[in-house]
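Visitor: Dumping the structure here so I can ask a few things about it.
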Amino acid sequence: MRELTYREALREALREEMKRDPKVFMMGEEIAEYGGSYKVSQGLLEEFGHERIRNTPLAEAAIAGAALGASLVGMRPVAEIMYIDFSFIAADQIINQIAKLRYMTGGMVKVPMVMRTQGGGGVAAGPHHSQSLEAIFAHIPGLFVVMPSNAYDAKGLLKTSIREDNPVIFIEHKKLYGESCPVPEEEYTIPLGKGDIKREGNDISIITYSRCVNFALEAAEELAKDGVDVEVVDIRTLKPLDEAIILSSVQKTGKAMVVYEACRTGGFGAEIAALIGEKAFDYLDAPIRRVASLDSPVSFNPRQEQYILVNPEKIQAAALEMMGK
Amino acid sequence: MPEIDAAKLKEIYTSMVKIRFFEERAIIEYRKGLPGFIHASIGQEAIPAGVCAFLREDDYTITTHRGHGDIIAKGAQLDRMMAELFAKKTGYCKGKGGSMHIADVDRNILGATGIVGDGIPIAAGVGTALKMQGLDSIMVAFFGDGATNSGAFHEGMGLAAAWYLPVLFVCQNNLYQQSTPTRDYCRLTDIADRAKGYGIPGITVDGNDAIAVAEVAREAIEKCRKGEGPILIVGNTYRTVGHHMGDPGTSYRSKEEVEEWKKKDPIKRLRQQLVQNKMATDAELDEIENNVLRELDEAVKFAQESPEPTPEEALEDIYA
């Protein structure tokens, strides 16, 4: 099978959905001639024109609010917020309007829009370009939150998100754009709310998402050398959450580690840990372990950044401790 | 443009009376024990009535927490609005929105925001969609003077202007951002001057003169429809009641000031104009008012007799 990068897979999803449905259009900062800060929309302007690939003013509240407005009257906007760090400028529109308009109107409206953004650290981008803020959006009723970990998932989940009648916060990871994996030529979609076992194992369940899936898989290879058989559960969508895949994996292994790149305190992994504590306690033969980034802004200094962020070595060390090795 | 005819002015009068009587009745019912807040717009009725008189059914509106008037002027049903204030299942939002969030999507009333200014970027998005679909419908965003301080106002106006969108921005300048007078938050003496910052027309009108509002709105609406939008209209007016029912409206303005504005009541003024110009008789206008009062009696009865939603229904309508 051919391989595509995460970036190419996202672009292919956008192209296919825009061809399929004239209501789909994109808006965001520097997405047209420039092709987007991470070049996801490169080439789409030539194919679809300025009417459907819209550069916006540098005004995130306007991007979010206008996407909502357009979604109310027959369009399916895909809005891009260049960095998730900038989404706080749009957060009022996202949290107070996009998430709640359907509810506030007693179900009178649908809000079929996608807010694409990207987060995460690892490129020495400093405290304003490296955050992992997904927990904030997952906390808000009315939003779906999607965080794909590879090109295959990215394409299938983005296509589904664009067809979805609810607002989706689609969070990419800047360190994944260049990563490749097999992606079929044939059309496919992936439902929201369905996790994926990225590696089967019997000793420890690592429940994670986004770039940390790769970290968990790397750690699993190393741990295998020490005789530790790791299962990696990629939840793929934080909301809706595939509780069943988490609980059944924990039931099988009896050990649960939750890994996330966001700061430890209040991260979405804490929610997963609580879920396991509430619904799978009887299957556990060790305390639930969280491996997350430290409670700090992400420093520019690369060594400090490395120190703060989660990485495969931290996962490996925690797993060995859990196994008493 | 030709003068606005008697039939249209009577329509505007009816709309203003509906707004006034609805809010007066809502205040009475609120004092008897309705939950939550009510932000009345008494004194400001000429602006929504004058603007909406020239909107088509396929035009869209959005408004704010002080939005009863804008919603009524676009044609919403008083009974379902009243039921929403009563938090009943038959209310427009099934009791989930309340006074601050009434919408009627069938009549292209896209809702009301409790966050001041937030409707402005949303309006820009509606305008974008209308333009992309090649429709000649327009979008109207209603808001108050306080909203013009928000980042959302700046961002939404900027986007609408940059994209030449068919959006009419209507600021009801009631001279106070809740309790803070305009001069204390804005160095401009004319809020319409803010439009210059976006390179679009800004028009100021006496917001208590329904005919003047209607004339300005008619022209602005047609311009937006022809692709000459966006346009900002600022109607200078006055809310003769407090910010909400918990505010008597006396701590930040004098009784004399309020009394002066009550003399400029837009409904009385239009009535005088209609009668003096022999466009309507007092008897005709009395009948309009009596009909509205009857409609409101029925609306209150409908609201009172409607069922409450169940607690469990709170969890419906979060997702489609």
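The values are calculated or read from the model by the stated rules, or taken from the named source; none is laboratory data. From a predicted model like this one, the values you see are computed outputs, not experimental measurements. Neighbour counts run over all protein chains shown; Cβ positions are idealised from the backbone, glycine included. Note: areas computed on protein heavy atoms with side chains; ligands, DNA, RNA excluded. Shrake-Rupley method; radii C 1.70, N 1.55, O 1.52, S 1.80 Å.
Visitor: Going by the conditions given, is B:Val241 crowded, with 16+ Cβ neighbours inside 10 Å, at pLDDT 95 or above and closer than 18 Å to B:Gln172 by Cβ?
Guide: Criteria not met by B:Val241.
Visitor: Can you name every residue in the stretch A:220-234 that is in a loop (DSSP other than H, G, I, E, B) and either among the hydroxyl-bearing types (Ser, Thr, Tyr) or open to solvent by less than 10 Å² (accessible area, probe 1.4 Å) (or both)? First the steps, then the outcome.
Guide: Here is the first cut: in the stretch A:220-234, the ones in a loop (DSSP other than H, G, I, E, B) are A:226-229.
Listed by number, the list holds a single entry, A:Val228.
Visitor: Another question, if that's okay. Inspect all residues belonging to the stretch A:178-200 and state whether any of them is surrounded by fewer than 21 Cβ atoms within 10 Å (Cβ to Cβ) and aromatic (Phe, Trp, Tyr).
Guide: Looking for residues that are surrounded by fewer than 21 Cβ atoms within 10 Å (Cβ to Cβ) and aromatic (Phe, Trp, Tyr), one finds at least one in the stretch A:178-200, hence yes.
Visitor: Among the listed residues A:Thr253, A:Thr237, which satisfies the condition of being more than 22 Å from the chain's Cα centre (by Cα) and open to solvent by less than 20 Å² (accessible area, probe 1.4 Å)?
Guide: Working: A:Thr237 fails: more than 22 Å from the chain's Cα centre (by Cα).
On inspection, the qualifying residue turns out to be A:Thr253.
Visitor: Which condition breaks for B:His65 when tested against (1) under 13 Å from B:Asp104 (Cβ atoms); (2) open to solvent by 10 Å² or more (accessible area, probe 1.4 Å); (3) within 14 Å of another protein chain (Cβ to nearest Cβ)?
Guide: B:His65 satisfies all of (1) under 13 Å from B:Asp104 (Cβ atoms); (2) open to solvent by 10 Å² or more (accessible area, probe 1.4 Å); (3) within 14 Å of another protein chain (Cβ to nearest Cβ) except (1).
Visitor: Does A:Ala273 satisfy the condition of being surrounded by 15 or more Cβ atoms within 10 Å (Cβ to Cβ) and in contact with a helix residue (DSSP H, G or I) (Cβ under 9 Å, 6 or more places away or on another chain)?
Guide: On the way: surrounded by 15 or more Cβ atoms within 10 Å (Cβ to Cβ): yes; in contact with a helix residue (DSSP H, G or I) (Cβ under 9 Å, 6 or more places away or on another chain): no.
When the stated conditions are applied, A:Ala273 does not pass them.
Visitor: Could you go through the stretch A:131-152 and let me know if any residue there is within 9 Å of chain B (Cβ to nearest Cβ) and part of a strand (DSSP E or B).
Guide: yes
Visitor: Quick one: in the stretch B:160-177, of everything that is touching an Asp or Glu at 6+ places or on another chain (Cβ under 8 Å) and assigned to a loop (DSSP other than H, G, I, E, B), which residue is modelled with the highest pLDDT?
Guide: For the stretch B:160-177, the residue satisfying everything is B:Pro166.
Visitor: Which condition number does B:Gly227 fail, the rest of (1) within 27 Å of A:Pro57 (Cβ to Cβ); (2) touching a residue at least 60 places away in the same chain (Cβ under 8 Å); (3) assigned to a helix (DSSP H, G or I) being met?
Guide: Among (1) within 27 Å of A:Pro57 (Cβ to Cβ); (2) touching a residue at least 60 places away in the same chain (Cβ under 8 Å); (3) assigned to a helix (DSSP H, G or I), B:Gly227 violates only (3).
Visitor: Is there a residue in the stretch A:205-219 that is of a type in the set (Lys, Arg), in a loop (DSSP other than H, G, I, E, B) and open to solvent by 10 Å² or more (accessible area, probe 1.4 Å)?
Guide: Here is the first cut: in the stretch A:205-219, the ones of a type in the set (Lys, Arg) are A:211.
Cutting the leftovers down to in a loop (DSSP other than H, G, I, E, B) gives us none.
Within the stretch A:205-219, none of the residues are of a type in the set (Lys, Arg), in a loop (DSSP other than H, G, I, E, B) and open to solvent by 10 Å² or more (accessible area, probe 1.4 Å).
Visitor: When you go through B:Val140, B:Val116 one by one, which is the residue that is outside any helix (DSSP H, G or I), in contact with a Leu (Cβ under 9 Å, 6 or more places away or on another chain) and more than 9 Å from chain A (Cβ to nearest Cβ)?
Guide: Details: B:Val116 fails: in contact with a Leu (Cβ under 9 Å, 6 or more places away or on another chain).
Just a single option satisfies the conditions, and that option is B:Val140.
Visitor: Moving on to the next point. Please work out if B:Lys94 is outside any helix (DSSP H, G or I), more than 8 Å from chain A (Cβ to nearest Cβ) and out of contact with any Leu (no Cβ under 9 Å at 6 or more places or on another chain). Spell out the reasoning first.
Guide: Numbers: outside any helix (DSSP H, G or I): yes; more than 8 Å from chain A (Cβ to nearest Cβ): no; out of contact with any Leu (no Cβ under 9 Å at 6 or more places or on another chain): yes.
Judged against the criteria, B:Lys94 is not a match.
Visitor: Still on this structure, please answer the following. If A:Ala292 satisfies every condition in (1) part of a helix (DSSP H, G or I); (2) surrounded by 13 or more Cβ atoms within 10 Å (Cβ to Cβ) but one, which is the exception?
Guide: Unmet condition: (1).
Visitor: Could you grab me the full set of residues in the stretch A:40-84 that are more than 11 Å from chain B (Cβ to nearest Cβ), open to solvent by 20 Å² or more (accessible area, probe 1.4 Å) and touching a residue at least 40 places away in the same chain (Cβ under 8 Å)?
Guide: Those that are more than 11 Å from chain B (Cβ to nearest Cβ), open to solvent by 20 Å² or more (accessible area, probe 1.4 Å) and touching a residue at least 40 places away in the same chain (Cβ under 8 Å): A:Met82, A:Tyr83.
Visitor: Regarding B:Arg183, is this residue away from every other protein chain (no Cβ under 14 Å), in a loop (DSSP other than H, G, I, E, B) and open to solvent by 10 Å² or more (accessible area, probe 1.4 Å)? Walk me through how you get there before you give the answer.
Guide: Details: away from every other protein chain (no Cβ under 14 Å): yes; in a loop (DSSP other than H, G, I, E, B): no; open to solvent by 10 Å² or more (accessible area, probe 1.4 Å): yes.
When the stated conditions are applied, B:Arg183 does not pass them.
Visitor: Looking at B:Gly246, B:Gly242, B:Gly229, which one is away from every other protein chain (no Cβ under 14 Å) and touching a Lys or Arg at 6+ places or on another chain (Cβ under 7 Å)? Give the derivation first.
Guide: On the way: B:Gly246 fails: touching a Lys or Arg at 6+ places or on another chain (Cβ under 7 Å); B:Gly242 fails: touching a Lys or Arg at 6+ places or on another chain (Cβ under 7 Å).
Sole residue among the options that is away from every other protein chain (no Cβ under 14 Å) and touching a Lys or Arg at 6+ places or on another chain (Cβ under 7 Å): B:Gly229.
Visitor: Still on this structure, I have one more. Mind telling me which of the residues B:Gly36, B:Gly91 ends up being open to solvent by 10 Å² or more (accessible area, probe 1.4 Å), touching a residue at least 24 places away in the same chain (Cβ under 8 Å) and over 26 Å from B:Ala124 (Cβ atoms)? Don't jump to the end; show me each part of the working.
Guide: Details: B:Gly91 fails: open to solvent by 10 Å² or more (accessible area, probe 1.4 Å).
So the residue among B:Gly36, B:Gly91 that is open to solvent by 10 Å² or more (accessible area, probe 1.4 Å), touching a residue at least 24 places away in the same chain (Cβ under 8 Å) and over 26 Å from B:Ala124 (Cβ atoms) is B:Gly36.
Okay, residues lined up against (1) in a helix (DSSP H, G or I); (2) touching a residue at least 40 places away in the same chain (Cβ under 8 Å); (3) over 21 Å from B:Glu295 (Cβ atoms):
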| residue | (1), (2), (3) |
| --- | --- |
| B:Glu3 | no, no, yes |
| B:Lys18 | yes, yes, no |
| B:Val51 | yes, yes, yes |
| B:Arg56 | no, yes, yes |
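Visitor: Now for a separate question. Keeping to the stretch A:297-325, report how many residues are part of a loop (DSSP other than H, G, I, E, B) and more than 21 Å from the chain's Cα centre (by Cα).
Guide: 6
Visitor: If I filter the stretch B:119-130 down to residues being in contact (Cβ under 8 Å) with a residue 12 or more places away in the chain and either polar (S, T, N, Q) or at the interface with another protein chain (Cβ under 7 Å from one of its Cβ atoms) (or both), which single residue comes out as farthest from B:Gly146 (Cα to Cα)? Walk me through it before giving the result.
Guide: Of the residues in the stretch B:119-130, the ones in contact (Cβ under 8 Å) with a residue 12 or more places away in the chain are B:119-124, B:126-128, B:130.
Next, only the ones that are either polar (S, T, N, Q) or at the interface with another protein chain (Cβ under 7 Å from one of its Cβ atoms) (or both) stay: B:121-124, B:126, B:128, B:130.
Values: B:Pro121: 16, B:Ile122: 17, B:Ala123: 17, B:Ala124: 19, B:Val126: 22, B:Thr128: 25, B:Leu130: 28 Å.
Among those residues, the one meeting the criterion is B:Leu130.
Visitor: Moving on to the next point. Here are A:Leu157, A:Leu133: which of them is surrounded by 24 or more Cβ atoms within 10 Å (Cβ to Cβ), assigned by TED's automatic domain parsing to the domain that holds A:Pro77 and either of a type outside the set (Lys, Arg) or within 14 Å of the chain's Cα centre (by Cα) (or both)? It would help to see each step written out before you state the result.
Guide: Values: A:Leu133 fails: surrounded by 24 or more Cβ atoms within 10 Å (Cβ to Cβ).
Among A:Leu157, A:Leu133, only A:Leu157 is surrounded by 24 or more Cβ atoms within 10 Å (Cβ to Cβ), assigned by TED's automatic domain parsing to the domain that holds A:Pro77 and either of a type outside the set (Lys, Arg) or within 14 Å of the chain's Cα centre (by Cα) (or both).
Visitor: For residues that are small (Gly, Ala, Ser) and open to solvent by less than 10 Å² (accessible area, probe 1.4 Å), scanning just the stretch B:143-162, find the one that is nearest to the other protein chains (Cβ to nearest Cβ).
Guide: Residue satisfying both the conditions and the ranking: B:Gly156.
Visitor: Yes or no: B:Lys96 open to solvent by 30 Å² or more (accessible area, probe 1.4 Å) and either touching a Ser or Thr at 6+ places or on another chain (Cβ under 7 Å) or touching a residue at least 40 places away in the same chain (Cβ under 8 Å) (or both)?
Guide: Numbers: open to solvent by 30 Å² or more (accessible area, probe 1.4 Å): yes; either touching a Ser or Thr at 6+ places or on another chain (Cβ under 7 Å) or touching a residue at least 40 places away in the same chain (Cβ under 8 Å) (or both): yes.
In short, yes.
Visitor: Under 7 Å between Cβ atoms, at least 6 apart or on separate chains: pull out the pairs that start in the stretch A:88-107 with a residue that is closer than 18 Å to A:Phe144 by Cβ and open to solvent by 40 Å² or more (accessible area, probe 1.4 Å) and end on any residue that is at pLDDT 95 or above and basic (Lys, Arg).
Guide: Matching pairs, first to second residue: A:Tyr103/B:Lys96.
Visitor: Okay, moving on. Quick check on my filter: what residues within the stretch B:256-268 are in contact (Cβ under 8 Å) with a residue 60 or more places away in the chain and either of a type in the set (S, T, N, Q) or open to solvent by 70 Å² or more (accessible area, probe 1.4 Å) (or both)?
Guide: So the first thing to find is which residues in the stretch B:256-268 are in contact (Cβ under 8 Å) with a residue 60 or more places away in the chain, and the list is B:261-262, B:265-267.
Listed by number, the list holds a single entry, B:Lys262.
Visitor: Against the conditions (1) part of a loop (DSSP other than H, G, I, E, B); (2) more than 19 Å from B:Lys8 (Cα to Cα); (3) of a type outside the set (Phe, Trp, Tyr), where does B:Asn208 fall short? Just the number, please.
Guide: Status for B:Asn208: all satisfied but (2).
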